[in-house]
Amino acid sequence: MRPQVKGAWPSAWDSASLFYPAVVVARFVTKTLVIAELEVRKLRHDFTEMVVRAIQPALWLLLFGEVFTKVRAISTGEVRYLDFMAPGILAQSVLFVAIFYGVAIIWERDMGIVHKFLVSPTPRGALVLGKSLSAGIRSLSQAVIIYLLALLLGVKMNWTIPALAGVIATVVLGAALFSALSLIIASLVKTRERFMGMGQVLTMPLFFASNAIYPISMMPVWLQIISHANPLTYEVDALRALMLENGTSTFGLPVDFAILLAATAIAVMIGAKVYPRVAT
């Protein structure tokens with residue numbers, strides 16, 4: 001590196017080196033958004049997927065939620081059980097959309113698309129993060145459906161702009177986390193049959209070992225420990241604080257978002273490491 005004379009203006013080379021990290025970050029973000037846009041564009045050709053995926057959360061709210069609200073078998077304090085449950089069902093819908101997202105990676109490998117991505121100058125991290133963000137955008141359709149159902153069922157929702165923006169951020173972040181986890185699984189198991197089996201094994205334990213449909217205080221001690229290590233718990237906690245009219249967060253929104261961000265970053269980094277294995 002060229003020595004600088006004290007008091008002299010920085011040369012063009014030195015100025016460029018100062019801005020190099022910002023240029024690298026800008027290129028990474030641009031390539032990530034391009035990958036996300038390519039994935040989201042597929043929705044135009046498979047719009048029925050969003051409609052079909054709306055059936056399960058509708059059944060949970062209309063059947064399970066309505067029945068347990070009348071039975072009052074689960075104590076949720078001053079919050080009506082259906083209100084308590086609505087954010088958890090949204091988190092469940094996001095989980096189900098994201099956790100099976102990796103099957104598309106296996107399909108792309110079989111079609112030779114992954115090889116084209118790998119020989120491109122796009123960083124592996126941008127590939128994984130772009131695909132994860134696209135899963136988050138897909139999951140926003142689930143949020144719209146849950147909000148419409150909650151409105152019909154009389155759930156007391158928070159309709160302020162900051163709350164809605166927070167829900168969007170939570171949904172996208174949660175979907176990005178679990179879709180990155182899905183990509184890791186798809187990169188390791190490599191076959192659709194094994195992947196679907198792994199997805200089924202993961203979804204139910206993640207869902208039931210969270211605070212989606214009952215408070216953590218009702219769980220046995222061993223399950224409470226697992227629940228505190230479950231990232232879905234913090235997604236539900238953030239959604240419950242943001243979605244409901246008088247919603248509160250057990251852990252605090254900063255803690256919820258910090259854990260989700262950290263878990264997503266770790267999952268994306270691991271996904272970037274194992275993603276090349278998809279092509280082998």
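Per-residue packing, averaged as other Cβ atoms within 10 Å, sorts the ranges 214-227, 262-275 into the order 262-275, 214-227, beginning with the highest.
Each Lys or Arg adds one and each Asp or Glu subtracts one; over the other residues with Cβ under 13 Å from the Cβ of GLY154, this totals -1. Modelled this way, with points 7 Å down the Cα-to-C-beta line, the labels at VAL274 and ILE168 are 3.2 nm from one another. Calculated FRET efficiency, THR248 to MET204, Cβ-Cβ distance, R0 = 22 Å: about 0.20 to the nearest 0.05. In order along region 229-241, phi translates into HN-Hα couplings of 8, 8, x, 4, 4, 6, 5, 4, 4, 5, 5, 5, 6 Hz, rounded to whole numbers, per the Karplus curve 6.51 cos²θ - 1.76 cosθ + 1.60 with θ = phi - 60° and x for Gly and Pro.
Distant-in-sequence amide contacts of LEU244, defined by a placed amide H-H separation under 5 Å and a gap of 5 or more residues or a different chain, comprise ASN158. The phi torsions of region 197-213, fed into the Karplus equation with coefficients 6.51, -1.76 and 1.60 and a -60° offset, translate into couplings of x, 5, x, 5, 5, 7, 5, 5, x, 4, 5, 6, 8, 10, 9, 5, 10 Hz, rounded to whole numbers, with Gly and Pro shown as x.
Site pair ALA258 and ILE161 shows an inter-label distance of 2.9 nm when each label is modelled 7 Å from Cα along Cα→Cβ. Treating r as the C-beta distance of LEU223 and ILE266 and R0 as 30 Å, the FRET efficiency rounds to 0.80. With the highest mean first, a sort of the peptides 142-148, 232-238, 131-137 on other beta-carbon atoms found within 10 angstrom per residue produces 232-238, 131-137, 142-148. Residue by residue, region 246-262 carries 3J(HN,Hα) couplings of 10, x, 10, 9, 5, 9, x, 4, x, 5, 4, 5, 5, 5, 5, 5, 5 Hz when phi is fed to the Karplus relation 6.51 cos²θ - 1.76 cosθ + 1.60 (θ = phi - 60°); x denotes Gly or Pro.
No lab work stands behind these numbers, since they all come straight from the coordinates. Everything quoted here is computed from the prediction, not taken from an experiment. Glycine also receives a Cβ, built like all others from the backbone with ideal geometry; neighbour counts cover every protein chain displayed.
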